[in-house]
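Asks: Before anything else, here's the structure in question.
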């Protein structure tokens, strides 16, 4: 019975890994497709605005996040925060003239909170490690 359970678990793990791999390739291809489409749109327009350039940075950060996941099998949370900061900055830059003062304060406060989150995560990673290190047990 234990042998059957082990085989079933192995098949399940392989299916999950295959699904993850296919999903990452689909996401990666979608990111490349979106970035190329936006780039050609900018070329067609004959110029690139600041919000267009920030959008390309978002695509770059998403692509880097997927690349890091392929190499390390870990999702870099910091890149998600970078994407969020860039997206909020892009929104702020593109629509600043149409936003009310309170909305501008809310957006800048959100950017500040995300920046502080990165600072806290970076500090915690440096102080306590990333979880990859082998655990050492001390005997007293």
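Read-outs throughout are calculated quantities, based only on the coordinates presented, and are distinct from any laboratory measurement. No experiment lies behind these values; they were computed from the predicted model shown. When we count neighbours, we look across all protein chains shown, and the Cβ atoms used for this are built from the backbone with ideal geometry, even at glycine.
Asks: With every atom except the alpha carbons ignored, what do you get for Rg and Dmax of segment 2-127, in angstroms?
Replies: Answer for segment 2-127, Rg first and Dmax second: 19.6, 66 Å.
Asks: Another question about this same structure. Compute the projected area of the convex hull of the Cα atoms of segment 1-42, averaged over all viewing directions, and report it in nm² to one decimal place.
Replies: 2.2 nm²
Asks: Moving to a separate point now. For helix 101-128, report the angle its Cα long axis makes with the longest principal axis of the Cα atoms of the chain; keep it between 0 and 90° and round to the nearest 10°.
Replies: 30 degrees
Asks: Could I ask something else about it? In what sequence do 6, 86 fall when counting other Cβ within 10 Å, fewest first?
Replies: In order of increasing Cβ crowding within 10 Å: 6, 86.
Asks: Once you put a point 7 Å from the Cα of residue 64 and another 7 Å from the Cα of residue 127, both along the Cβ direction, what distance in nm separates them?
Replies: Going by the 7 Å Cα→Cβ label model, 2.5 nm.
Asks: If we count other beta carbons within 10 Å of each Cβ, what is the order of 113, 65, 42, fewest first?
Replies: By the 10 Å Cβ count, ascending, the order reads 113, 42, 65.
Asks: Give the order of 127, 7 when sorted by the count of other beta carbons within 10 angstrom, beginning with the fewest.
Replies: Final ranking by Cβ density, sparse to dense: 127, 7.
Asks: I need the calculated FRET efficiency for the pair residue 48 and residue 104, taking r as the beta carbon distance and R₀ as 22 Å, to the nearest 0.05.
Replies: 0.35
Asks: How many nm separate the modelled label positions at residue 73 and residue 10, each set 7 Å beyond the Cα in the direction of the Cβ?
Replies: My value for the distance between the label points is 1.6 nm.
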